[in-house]
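K.L.:
The structure that follows is given in the form of structure tokens.
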Amino acid sequence: MILELHESNAHHALVDALRKGDGENAEELMKGHLVDLLSQLDLRERPVGSGSLRDAFVK
């Protein structure tokens with residue numbers, strides 16, 4: 001929930017900067033947003049399962 005609030009505030013700040021024509025601030029906000037997104041990515045390979053919903057609940 002806190003992450004969602006942070007993202008929402010970040011989006012509002014970016015839109016406000018764009019609305020005000022503050023390109024420098026919008027650029028910095030967007031860079032920070034992208035760094036946050038990249039830091040949350042999990043790109044590890046995972047074993048491929050059967051894909052069955054039933055199997056997911058049985059394990």
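The values are calculated or read from the model by the stated rules, or taken from the named source; none is laboratory data. None of these values were measured; they are calculated from a predicted model. Methodologically, a virtual Cβ is constructed for each residue, glycine included, from the backbone with ideal geometry; neighbour enumeration extends over all protein chains shown.
K.L.:
Scan (1) at pLDDT below 80; (2) not in a loop (DSSP other than H, G, I, E, B) for the single condition residue 47 breaks and write down its number.
P.N.:
(2)
K.L.:
What is the number of the single condition among (1) surrounded by 10 or more Cβ atoms within 10 Å (Cβ to Cβ); (2) modelled with pLDDT of 80 or more that residue 55 does not meet?
P.N.:
Among (1) surrounded by 10 or more Cβ atoms within 10 Å (Cβ to Cβ); (2) modelled with pLDDT of 80 or more, residue 55 violates only (2).
K.L.:
Another question about this same structure. So, residue 8, is that one at pLDDT 85 or above and either of a type outside the set (Lys, Arg) or assigned to a helix (DSSP H, G or I) (or both) or not?
P.N.:
no
K.L.:
Out of (1) at pLDDT 80 or above; (2) assigned to a loop (DSSP other than H, G, I, E, B); (3) not aromatic (Phe, Trp, Tyr), what's the single condition that is false for residue 28?
P.N.:
Against the list (1) at pLDDT 80 or above; (2) assigned to a loop (DSSP other than H, G, I, E, B); (3) not aromatic (Phe, Trp, Tyr), residue 28 comes up short only on (2).
K.L.:
Let me ask something else. Does residue 37 count as among the hydrophobic types (A, V, I, L, M, F, W, C), modelled with pLDDT of 90 or more and out of contact with any Pro (no Cβ under 7 Å at 6 or more places or on another chain)?
P.N.:
Spelling it out, it is not the case that residue 37 is among the hydrophobic types (A, V, I, L, M, F, W, C), modelled with pLDDT of 90 or more and out of contact with any Pro (no Cβ under 7 Å at 6 or more places or on another chain).
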